[in-house]
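**Student:** Below: one structure in structure tokens.
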Amino acid sequence: MSELTPLRESLLRHLADGQFHSGEQLGEALNVSRAAVSKHVQALKGLGLDVYSVSGKGYRLAVPLQLLDPARLAHALAPAQVEVVPVIGSTNQYWLESVERLNKGDVCLAECQTSGRGRRGRSWVSPFGGQLIMSLYWRLEQGMAAAMGLSLVVGIAAVEALENAGFAGVELKWPNDLYLNGRKLAGILVEMSGTAGGPCHLVIGMGLNLVLPESEQERITQPWAELAELGEISDRNGLVIALINGWQQALLRFEQEGIAGFRERWNRLDYFNGKPVRVLMGEQEVQGTARGIDDQGALLLELESGEVKRYLGGEISLRGNNRE
Ligand code: ATP
């Protein structure tokens, strides 16, 4: 994966409008040769950006790019601290390593992750500018047990923030994926550290697909979706602000009321509610009909016998059951 040097960043700012720019024009603006421009364009491709080169016309991005705006984000989200690291291994990893200096609500954002991750060591594809990639630090004084159900709450808050921004139709898959028409639009990963009896440090990360470059799409190993399917994304930074505000408000409420106050909100958005599903736990698999969540955030599964079983915990995966 290439590095985003200051020169490449300014090249990107020129290309961000999605229009053609000749090598000569770019070379003059950046004070480098045309050959150097060509080399740096290759490096941008190495970050997962689709850059077209057309002889006689120059270079252009496949889709215009709104870069993250650190000053606007810091102003809008104050007093939370906002750190924008354009190219990073993993925002969650970095924020987990930083907990000692963070305050509740602080946010780390990136344009691209080189080692984005999902649950249980799975990888998360996060090409440059194609997503919203964010991690938020939170702290629960009551310790780890109080975090139960929290990942559901941040999923609900994310979908509601998108609805308020005009992107209706996003649903949730237990415990914390955002789905669009049955395909994965975003993944949420909550990671924690802390000692028994002490406060719980939480890092809540999300990668939300906006527009994924073609070159990256084949790396995703399950059906996926992008927000652009629901309409034009006219203000990428505004969406970050809305999502972070939504998370902060929901987390404060969660601290007061727990997950019980969110149950109805979850059930409205639950993609699998009423559908045949399989619950996977390691080698074990149980089939039934999904029946929403209970007051602890546990997944409710109605078996063929009519018995309702509840599932709670990190090692459980839910899948649609196409065999029925
Ligand atoms: P689970 O139901 O256990 O959460 P999952 O397969 O959805 O299962 P996650 O850990 O949530 O697992 O996410 C990682 C998976 O998401 C990857 O294995 C890949 O299939 C998929 N994936 C990776 N990058 C993207 C992306 N940008 N958009 C959508 N899906 C992705």
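**Student:** Here are some conditions: (1) open to solvent by 30 Å² or more (accessible area, probe 1.4 Å); (2) among the hydrophobic types (A, V, I, L, M, F, W, C); (3) not assigned by TED's automatic domain parsing to the domain that holds Trp174. Ala228 meets all but one. Which one does it not meet?
**Tutor:** Failed condition: (3).
**Student:** If you don't mind, another one. Being more than 16 Å from the ligand (Cβ to nearest atom) and in contact with a strand residue (DSSP E or B) (Cβ under 9 Å, 6 or more places away or on another chain) is the filter here; which residues of the range 289-304 pass it?
**Tutor:** Let us first name the residues in the range 289-304 that are more than 16 Å from the ligand (Cβ to nearest atom), namely 289, 291-292, 294-296, 300, 302-304.
Listed by number, the residues that qualify are Thr289, Arg291, Gly292, Asp294, Gln296, Leu300, Glu302, Leu303, Glu304.
**Student:** Hey, another quick one. What is the number of the single condition among (1) within 16 Å of the ligand (Cβ to nearest atom); (2) touching a helix residue (DSSP H, G or I) at 6+ places or on another chain (Cβ under 9 Å); (3) without any contact (Cβ under 8 Å) to a residue 40 or more places away in the chain that Gln222 does not meet?
**Tutor:** (2)
Residues checked against (1) in contact with a His (Cβ under 6 Å, 6 or more places away or on another chain); (2) within 15 Å of the ligand (Cβ to nearest atom); (3) among the β-branched types (Val, Ile, Thr); (4) touching a residue at least 12 places away in the same chain (Cβ under 8 Å):
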| residue | (1), (2), (3), (4) |
| --- | --- |
| Val107 | no, no, yes, yes |
| Val125 | no, yes, yes, yes |
| Phe128 | no, yes, no, yes |
| Met144 | no, no, no, yes |
| Ala147 | no, no, no, yes |
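**Student:** If you don't mind, another one. Go through the residues of the range 239-254 one by one and say whether even a single one is open to solvent by 10 Å² or more (accessible area, probe 1.4 Å), part of a loop (DSSP other than H, G, I, E, B) and either away from the ligand (no atom under 16 Å from the Cβ) or among the aliphatic types (A, V, I, L, M) (or both).
**Tutor:** no
**Student:** I've got another one for you. Which of the numbered conditions does Asp270 fail, given that it passes all the others? Conditions: (1) acidic (Asp, Glu); (2) in contact (Cβ under 8 Å) with a residue 40 or more places away in the chain; (3) open to solvent by 30 Å² or more (accessible area, probe 1.4 Å).
**Tutor:** (3)
The values are calculated or read from the model by the stated rules, or taken from the named source; none is laboratory data. Remember, predicted model here, so these are calculated numbers, not experimental data. Every residue, glycine as well, gets a Cβ built from its backbone with ideal geometry; the counts of neighbours run over all protein chains shown. What goes into the accessible areas is simple: the full protein's heavy atoms, side chains included, and nothing from ligands, DNA or RNA. Shrake-Rupley method; radii C 1.70, N 1.55, O 1.52, S 1.80 Å.
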